[in-house]
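Undergrad: First the structure, then my questions, so here it is.
The values are calculated or read from the model by the stated rules, or taken from the named source; none is laboratory data. None of these values were measured; they are calculated from a predicted model. Cβ coordinates were reconstructed from backbone atoms using ideal geometry, including for glycine residues, and neighbour counts include every protein chain displayed.
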Amino acid sequence: MTASMTSTYPFEPTPQWTTVNPRSFLPFRTRGEDLEKPPLPSPPRNQLFSDNYIVSTHLVPTGCPRLTPHTPLPVVPEFSTNASERRREIQQFAVELTERQEHFMQGRLSGETGEKPLWNCVNRYVKRVQVGKKGLTLFFVHANGFPKEVWETTLRYLLSSPSASLIDEVWSWEAVQHGDAALVNETNLSGIYFWLDNARDITHFLLHYLPEDASSDALPTHLHLLPETISEYRKTKDFHPDPCFHLQCRILAAVNFPALFSSMVLVDPAVVQNGTFPSNSVPDRLPGALSRRERWSSREEALSSFKASPFFKSWHPDTLRLYVTYGLCEDSRGGVKLKTSGLHEALVFAGRVESFEAWELLERIDERIELRWVVPGKPGDKGVRGEQATRVRVWRRPANSSNVVIHSAGHLIPQESPEELAREIAAFLECKYGLRGRAYL
């Protein structure tokens, strides 16, 4: 099959590689409607998002059981105020987290099966007035460390473009230890994280909770469980609830449930070839997550601190303000703190084998699902593990795939260049769906 758009990077064959024997996508079950329902931890957002769209926030239970055992959270030590000593202590703790993750992946970590109730939080952006044929439902997934609202600058540009005529609704996902979901799940989160659980949670939502119709009617905070007949139909029939944007977890979901996807826009996902890293090494970003500042006296101080940080200086100002508004919450000690703790961000970074698995599984995605890769081209930051790795990655599944480079951004494209990203998404939607007579849910 031929992709609907042209590519920046020409075809690059995959070099020889060694399999990591990707794990099976184990079945999950729903928890039922009698589950005790927690309130939203932040004020509800049943409000206008733009002239034509309304935003609301919802909770859905995760699938169960978890693939990870419920183990206590590791205790973050009180690091020294001496800079060199602090670096040494953080590095040592990072080594310990990496070793715990490896023990889990090798089946050497004991613990009770994860059955404690957990919740995912989702934002819905729906057209105020639905007219004519059914349009598209888009599904966005955040990167590690960021809340679901990090997409909103991109969405404002996208939903004010001509391609918005194609879009009925957008759903923005939040993993269990991120943003508002982290606040809901605070007492039930495990000290081990496995990316495949998030892929299962995404699939669980699309099969069992995504409403049938993109109605402009208000939905309940806790979305209703769909009848089993609908969920079973979605597993095998031509359902296609999206295009789907970002994160490697969707790759794992698409391989196992291809009927759920019509296309995927992959925004520099962190999927890398096995052997990219030395064995037993600490993942690059893990120490940085552990050393991240988490508390400020106010949102104003946090914003001022972020603006002075080299990490945040390249961000679009609107996206940075969103991070301060929705990535922080009131702190019981006074002031504000990150919703997603540095520890939970580090626990995600500690899981590396899943990235190898996603890279390997790319070639197994059904060729009917069109892939559009959006990758960075900023000097010094041309994709995860560099430009050559990116050139190979975007052609792991050559059929019905294409790619485009955004030269103004590094890896964090939605944060740095949301307007250009929105233009690329709009161009893809118009090219693939604009002339189709058939509706996609």
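Undergrad: Quickly run through segment 157-180 and pick out the residues that are closer than 17 Å to Phe428 by Cα and not acidic (Asp, Glu).
TA: Tyr157, Leu158, Leu159, Ser160, Ser161, Pro162, Ser163, Ala164, Ser165, Leu166, Ile167, Val170 - these are the residues of segment 157-180 that are closer than 17 Å to Phe428 by Cα and not acidic (Asp, Glu).
Undergrad: Taking Pro227 and the conditions (1) closer than 23 Å to Leu35 by Cα; (2) buried (at least 18 other Cβ atoms within 10 Å of the Cβ), which numbered condition does it fall short on, given that it satisfies the others?
TA: (2)
Undergrad: Moving on. Would you mind finding the one in Val404, Val375, Val348 that is in contact (Cβ under 8 Å) with a residue 60 or more places away in the chain, within 18 Å of the chain's Cα centre (by Cα) and not in a helix (DSSP H, G or I)? Break it down into steps so the answer makes sense when it comes.
TA: Numbers: Val404 fails: within 18 Å of the chain's Cα centre (by Cα); Val348 fails: not in a helix (DSSP H, G or I).
After applying the criteria, what remains is Val375.
Undergrad: Counting just the residues of segment 248-262 that are over 16 Å from the mean Cα position of the chain (by Cα) and either in a helix (DSSP H, G or I) or among the aliphatic types (A, V, I, L, M) (or both), which one comes out modelled with the lowest pLDDT?
TA: By that ranking, first place goes to Asn256.
Undergrad: If I go through segment 294-320 residue by residue, how many of them are hydroxyl-bearing (Ser, Thr, Tyr), free of Cβ contacts under 8 Å to residues at least 60 places away in the same chain and part of a loop (DSSP other than H, G, I, E, B)?
TA: The first filter runs over segment 294-320 and keeps only residues hydroxyl-bearing (Ser, Thr, Tyr), leaving 297-298, 304-305, 309, 314, 319.
When the remaining residues are screened for being free of Cβ contacts under 8 Å to residues at least 60 places away in the same chain, the result is 297-298, 304-305, 309.
Cutting the leftovers down to part of a loop (DSSP other than H, G, I, E, B) gives us 297-298, 309.
Counting residues in segment 294-320 that are hydroxyl-bearing (Ser, Thr, Tyr), free of Cβ contacts under 8 Å to residues at least 60 places away in the same chain and part of a loop (DSSP other than H, G, I, E, B) gives 3.
Undergrad: So how many residues does segment 25-76 have that are outside any loop (DSSP other than H, G, I, E, B) and under 23 Å from Asn188 (Cβ atoms)? Can you show your working first?
TA: Quick first cut of segment 25-76, residues outside any loop (DSSP other than H, G, I, E, B) only: 29, 47-48, 53-61, 64, 69-70.
With the extra rule that they be under 23 Å from Asn188 (Cβ atoms), the set shrinks to 29, 57-61, 64, 69-70.
The number of residues fulfilling the criteria is 9.
Undergrad: Please go through segment 273-310 and give me each residue that is more than 30 Å from Ser332 (Cβ to Cβ), at pLDDT 90 or above and either surrounded by 13 or more Cβ atoms within 10 Å (Cβ to Cβ) or under 18 Å from the mean Cα position of the chain (by Cα) (or both), ordered by number. Outline the logic, then answer.
TA: Of all residues in segment 273-310, those more than 30 Å from Ser332 (Cβ to Cβ) come to 273-284, 310.
In the following step, the residues that additionally are at pLDDT 90 or above were identified as 273, 310.
Correct list: Gln273 only.
Undergrad: Sticking with this structure for a sec: Among the residues of segment 120-156, which ones are within 26 Å of Leu286 (Cβ to Cβ), of a type outside the set (S, T, N, Q) and touching a strand residue (DSSP E or B) at 6+ places or on another chain (Cβ under 6 Å)? Break it down stepwise before answering.
TA: Of segment 120-156, the ones within 26 Å of Leu286 (Cβ to Cβ) are 120-121, 140-151.
Within this subset, residues satisfying the condition of being of a type outside the set (S, T, N, Q) are 121, 140-143, 145-151.
Cys121, Phe140, Val141, Lys148, Trp151 - these are the residues of segment 120-156 that are within 26 Å of Leu286 (Cβ to Cβ), of a type outside the set (S, T, N, Q) and touching a strand residue (DSSP E or B) at 6+ places or on another chain (Cβ under 6 Å).
Undergrad: Restricting the search to segment 16-39, which residues are touching a strand residue (DSSP E or B) at 6+ places or on another chain (Cβ under 7 Å) and basic (Lys, Arg)? Reasoning before the result, please.
TA: If we filter segment 16-39 for residues that are touching a strand residue (DSSP E or B) at 6+ places or on another chain (Cβ under 7 Å), which is where we start, we get 28-29, 31, 35, 37-38.
Answer for segment 16-39, where residues must be touching a strand residue (DSSP E or B) at 6+ places or on another chain (Cβ under 7 Å) and basic (Lys, Arg): Arg29, Arg31, Lys37.
Each row is one residue, and each column tells you yes or no for (1) of a type in the set (Phe, Trp, Tyr); (2) surrounded by fewer than 22 Cβ atoms within 10 Å (Cβ to Cβ).
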| site | (1), (2) |
| --- | --- |
| Phe312 | yes, yes |
| Glu330 | no, yes |
| Lys339 | no, no |
| Gly342 | no, yes |
| Trp359 | yes, no |
| Glu370 | no, no |
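Undergrad: Still on this structure, please answer the following. Check off (1) part of a loop (DSSP other than H, G, I, E, B); (2) surrounded by 19 or more Cβ atoms within 10 Å (Cβ to Cβ); (3) among the aromatic types (Phe, Trp, Tyr) for Phe79 and give me the number that stays unchecked.
TA: (2)
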